[in-house]
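Student: My questions will all concern the structure given below.
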Amino acid sequence: MEEIEIENNKIISKCKPEKKKIINSSLKKVNNFFGNKKISFKIIFIKTRKEMNNFVGHKTKRWEVGGVFDHYTLLLFDKDVFDKVSPHPKKYFFSTLVHEV
């Protein structure tokens, strides 16, 4: 599990450059659509279905890959396991991240 904090559209947590790039790209895409709104939230990238089930408190469906909880926390399977723990191809990771943001 990896938690990344975003405050006013800026990543304030340490993360790998690849992850930083994809998060910043998703923030840019969302801001281009909705206008330049400052948003703050936390992304939790998870690796297993068990982690997701524990977080949400119930058994999730195989197609579920993430969601937003408590208006602040975004939960999403990490890109490197996205197509292994769900029927969705890895190429849908970015669009799913943008959707959840």
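Student: Using the beta-carbon distance between residue 28 and residue 84 and R0 = 22 Å, what value does 1/(1 + (r/R0)^6) give for FRET efficiency, to the nearest 0.05?
Tutor: FRET efficiency, residue 28 to residue 84: 0.20.
Student: So for the pair residue 13, residue 68, with labels modelled 7 Å out along Cα→Cβ, what separation do we get in nm?
Tutor: 1.7
Student: Let me ask something else about it. Could you give the length gained by full extension between residue 91 and residue 1, i.e. 0.36 nm per residue of separation minus their alpha carbon distance, to one decimal place?
Tutor: Between residue 91 and residue 1, full extension yields an extra 30.3 nm.
Student: Could you tell me which chymotrypsin sites (Phe, Trp or Tyr not before Pro) in region 5-95 are loop residues by DSSP with no more than 12 other beta carbons within 10 angstrom of their beta carbon?
Tutor: When the chymotrypsin sites (Phe, Trp or Tyr not before Pro) of region 5-95 are filtered for loop state and at most 12 Cβ neighbours within 10 Å, 63, 72 remain.
Student: Let me ask something else. Kindly work out what percent of the DSSP beta bridges joining two residues of region 13-101 are antiparallel, to the nearest 5.
Tutor: 45
Student: Can I ask one more? Send over a whole-number figure in Å² for the accessible area per residue of the chain, probe 1.4 Å.
Tutor: Each residue of the chain exposes 65 Å² on average to a 1.4 Å probe.
Student: What per residue convex hull volume, in Å³, comes out for the chain when only alpha-carbon positions are used?
Tutor: So the per-residue Cα hull volume is 92 Å³.
Student: Round to the nearest 10 and report in Å² the accessible area of residue 60, as given by a 1.4 Å probe over the protein chains' heavy atoms.
Tutor: 10
Student: Still on this structure, please answer the following. For region 25-89, how many pairs of lysine residues have a Cα-Cα distance under 16 Å, where the two are 8 or more positions apart or belong to different chains?
Tutor: Lysine pair count for region 25-89: 12.
Student: Moving on. So which aspartates and glutamates can residue 91 reach, going by Cα to Cα under 17 Å and dropping same-chain residues fewer than 8 places off?
Tutor: Residue 91 reaches 18, 64, 78, 80, 83, 100.
Student: Which loop-located GluC sites (Glu not before Pro) does region 14-101 contain, where loop means any DSSP state but H, G, I, E or B and the Cβ has at most 10 other Cβ atoms within 10 Å?
Tutor: none
The values are calculated or read from the model by the stated rules, or taken from the named source; none is laboratory data. Note that this is a predicted model, so its numbers are computed, not measured. Neighbour counts are summed over all protein chains in view; Cβ atoms, including those assigned to glycine, are modelled from backbone coordinates with ideal geometry. Ligands, DNA and RNA are excluded from the accessible area calculation, which covers all protein heavy atoms including side chains. Shrake-Rupley method; radii C 1.70, N 1.55, O 1.52, S 1.80 Å.
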